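Q: Got a structure here, written out as structure tokens. Questions coming.
The values are calculated or read from the model by the stated rules, or taken from the named source; none is laboratory data. For clarity, every value in this text was computed on a predicted model and none was experimentally measured. Note: ideal-geometry Cβ built from the backbone for every residue, glycine included; neighbour counts use all protein chains shown.
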Amino acid sequence: MQNYLISEPNIHLILHNTLAGISILVMLCLIVFLLSNGYHKTTNITLSLTAFAVIIFELSHVIGVSTADHWLSRTIFLGNISVIFICTFNFHCVMAVLGKDYRRRKLIWLVYIIGISLTIFYLKYPNTFVLDSIPKMYFPNYYVPGSLHWIERVIFNGLIPLIFIYELINSFRKETSRKERKRIKHLSLALCLGWVFGSALIPLVYNIPIDPMYGIFFPILFCVPFTYAVVNHDLLDIRIVAKRAFYYGILVAICAVILIFFNFLNKWLEEIIPGIPIYVVPVISSMFGVVVGIAVWRRVREGDALKYEFITKTMHELRTPLTHIKLAADELTETPLDDKQKSTVGHIEKANDKLIELTDLVRRDGFR
């Protein structure tokens with residue numbers, strides 16, 4: 001069976017690995033987006049670390065299931081310990097989004113300590129996490145759980161998700177802001193999609209014949225709506241952002257499929273046309289990559305120009321009436337007023353100063 005899987009074309013395995021590759025590309029784009037839109041924010045940092053841990057998991061999974069040698073496959077599968085950090089960083093991120101990272105700091109530290117301790121233990125005693133791999137379904141090799149593999153499953157696939165659910169429900173019940181309640185709904189949707197579809201990779205570990213391909217897209221189903229919940233959309237309609245992100249995601253997926261096609265085309269041409277220069281297809285694929293890169297660069301420049309023009313005009317239009325309000329309030333303070341009128345004028349001045357401060361903040365941060 002193992003020789004058959006290695007020697008014959010394995011369409012299911014190719015499709016499985018292609019989908020995983022697309023997920024990895026999306027995660028890389030997500031990290032760049034998060035760090036470029038708030039590298040100093042706890043939420044963006046912890047979500048970026050979550051995405052990075054997902055990339056490590058996907059790489060170890062794809063390489064491990066495609067490796068013919070059972071011992072080497074098992075060694076590669078040790079990278080799946082990153083599941084611990086996917087959950088740990090994500091837990092920290094959720095607490096930060098809910099504004100509970102300080103109040104729950106002891107619990108957060110406990111999760112980190114448990115995760116790091118369990119990781120060190122698994123790396124020191126790898127047989128407790130995974131054993132030598134064996135062929136399963138259409139995979140040359142797949143996971144065989146170690147004697148203490150269940151600890152990671154119970155804590156990081158069971159217990160901590162229950163804490164997620166409790167904290168989200170508790171915050172939703174207490175929250176009065178419509179915007180924050182909507183954000184909690186997005187968090188809940190992302191966590192449900194991520195953990196439900198991500199769990200599709202687990203049954204085959206325990207020899208339950210459920211195709212893991214159903215879960216290989218879990219990073220996109222989880223991280224995309226989760227990112228919308230984390231990133232501040234005060235000045236953007238989330239539907240516009242979602243639509244644009246969807247189109248860019250489709251573009252990334254198409255480019256990835258085309259590059260994979262070029263790779264297979266090169267091997268196919270070498271087989272049917274002996275002596276063909278090996279650089280022909282790589283040159284074509286490189287030209288394709290350059291064209292796509294130039295197109296993306298031009299779109300980014302257009303976006304920056306539009307943002308500059310929009311912010312400049314908007315801030316100019318806002319500052320003019322704010323200046324008139326300030327002058328009118330100053331004139332009122334110079335006229336005889338009773339206590340109630342003075343209080344009212346004081347409120348107007350404070351509100352006006354706050355709006356001026358906000359416009360300055362938008363203009364400064366918008367041109368970064």
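Q: Just checking, which of Val362, Val345, Val292, Val300 is modelled with pLDDT under 75 and more than 19 Å from Ser36 (Cα to Cα)?
A: None of the other options fit; the residue is Val292.
Q: Pick out the one residue from Glu152, Glu167 that is within 19 Å of Phe222 (Cα to Cα), touching a residue at least 60 places away in the same chain (Cβ under 8 Å) and acidic (Asp, Glu).
A: Glu167
Q: Next question, about the same structure. Could you tell me how many of the residues in the stretch 316-348 are aliphatic (A, V, I, L, M) and over 25 Å from Asp360 (Cβ atoms)?
A: 1
Q: Now a separate question. Could you look through the stretch 192-224, keep only residues that are free of Cβ contacts under 8 Å to residues at least 24 places away in the same chain and closer than 20 Å to Phe89 by Cα, and pick out the one that is surrounded by the most Cβ atoms within 10 Å (Cβ to Cβ)?
A: Going through the qualifying residues, I end up with Cys192.
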